[in-house]
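Have a look at the structure below before the remarks.
Bear in mind that the values in this text are calculations on the coordinates, not laboratory data. What you see is a predicted model, and the numbers here were worked out from it, not measured in a lab. With ideal geometry, Cβ positions are generated from the backbone for all residues, glycine too; neighbour counts draw on all protein chains shown.
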Amino acid sequence: MRIGIDLGGTKIEAIALDDDGTELYRHRVVSPRGNYDDTVAALTAMVRKVEAKLGCEGTVGIGTPGAISPATGLIKNSNSVWLIGHHLREDMERALSREVRIANDADCFALSESVDGAAKGAGTVFGVILGTGVGGGIVINGQLLRGANAITGEWGHNPMPWPRWDELPGPVCYCGKYGCIETFLSGPALSHDHYDLTRQRRSAEELARRAGRGEPLAEATMARYEDRLARALATVMNVIDPEVIVLGGGVSNVDALYRRVPLLWDKYVFSDAVSTRLVKAKHGDSSGVRGAAWLWPA
């Protein structure tokens with residue numbers, strides 16, 4: 001049995017999978033925001049509850065915002081700031097008396113969709129999160145690519161490529177730089193872009209609906225977003241040339257992206273033809289927690 005845990009800023013979700021990926025049990029609780037010790041206790045209690053429910057012990061994988069620094073072993077780059085600077089893996093292993101595997105939540109998303117999701121069978125997969133933030137993960141031949149600095153797939157903190165004159169210097173990012181991809185492609189960024197030009201507050205979902213009905217202002221906002229997404233993905237394609245790109249996060253529910261973006265990225269990709277497929281995540285919001293379970297291979 002594999003136990004996967006998705007450690008989010010607002011909730012902690014656990015899932016148990018059998019060897020073929022069938023869900024055996026699922027449980028979620030509210031995250032103890034702002035308190036590291038309470039977070040470790042909550043994670044430990046989740047594992048104990050799953051094992052008590054199913055009557056057996058399982059492997060444990062955890063998907064977390066941020067990553068474990070190879071240099072220090074401490075959590076870094078997490079928007080759940082109370083995790084930063086702590087030995088989360090060591091503390092969980094001590095609490096559970098067994099090895100625990102931990103990966104960035106976007107990496108877990110990519111792994112899940114590669115193992116038994118929308119990109120199953122593909123050799124090279126780029127998993128993309130378009131949500132409150134923008135992140136990604138890379139899976140090659142079923143193996144998560146971790147990288148020397150534990151930042152593989154952090155495309156959201158590269159600058160928007162081929163910027164238009166009115167995109168410079170770009171919005172300020174929480175990382176301290178300007179014009180990061182995340183500041184253009186996150187869900188809040190899409191809404192803010194529309195507000196800047198129209199003074200109308202619209203969610204990504206509402207903008208997509210209005211654009212689908214032919215509302216000019218919403219159509220213009222979505223057209224800007226689609227071109228920016230095409231540019232940003234083209235830079236990834238020029239580096240790792242994935243067979244499949246899988247979208248997750250709230251903005252991934254905009255169905256028009258899967259039709260329109262591949263029509264736009266050809267002019268940015270350094271190739272005479274582009275066969276990369278752009279697909280929606282099969283497991284949706286469950287991809288992260290399933291991927292955490294799959295950190296332990298068969």
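The modelled label-to-label distance between residue 259 and residue 192, using points 7 Å beyond Cα along the C-beta direction, is 3.0 nm. From least to most packed, judged by other beta carbons within 10 angstrom and beginning with the fewest, 285, 196, 107 follow the order 196, 285, 107.
Beta-bridge orientation, the range 118-281: approximately 55 percent antiparallel, per DSSP, counting only bridges with both partners inside.
FRET efficiency for the residue 20 to residue 132 pair, using the beta carbon distance and R₀ = 30 Å, is estimated at 0.40. Secondary structure note: in the chain, about 60% of the DSSP beta bridges are antiparallel. Taking 0.36 nm per residue of sequence separation and removing the Cα-Cα distance, the residue 175/residue 273 pair yields an extension gain of 31.7 nm. Residues 274, 139 in ascending order of nearby Cβ atoms (within 10 Å, fewest first): 274, 139. Segment residue 238..residue 41, full-extension length gain: 66.6 nm, with 0.36 nm per residue of separation and the alpha-carbon distance subtracted. Applying both filters, DSSP loop and at most 11 other Cβ atoms within 10 Å, to the chymotrypsin sites (Phe, Trp or Tyr not before Pro) of the range 213-298 gives 270. Each DSSP beta bridge with both residues in the range 2-103 is either parallel or antiparallel, and the antiparallel ones are about 60%. At an R0 of 30 angstrom, the distance between the Cβ atoms of residue 217 and residue 162 translates into a FRET efficiency of 0.80. Please work out the FRET efficiency for the pair residue 28 and residue 95, using the Cβ-Cβ distance as r and a Förster radius of 25 Å; give the result to the nearest 0.05. Plugging the Cβ-Cβ distance into 1/(1 + (r/R0)^6) gives 0.80. From its DSSP helices (H runs of at least four residues, each -39,500 (n - 2.57)), the chain gives a residue-normalised ellipticity at 222 nm of -11000 deg cm²/dmol.
Full extension of the chain between residue 206 and residue 52 yields a length gain of 51.2 nm, computed as 0.36 nm times the residue separation minus the alpha carbon distance. Taking Cα centre as origin and charging only the Cβ of basic (Lys, Arg, +1) and acidic (Asp, Glu, -1) residues, the dipole magnitude of the range 118-281 rounds to 260 debye. Of the cross-linked pairs 120/267; 53/76; 11/267; 49/280, those separated by over 30 Å at the C-alpha level are 53/76; 11/267; 49/280.
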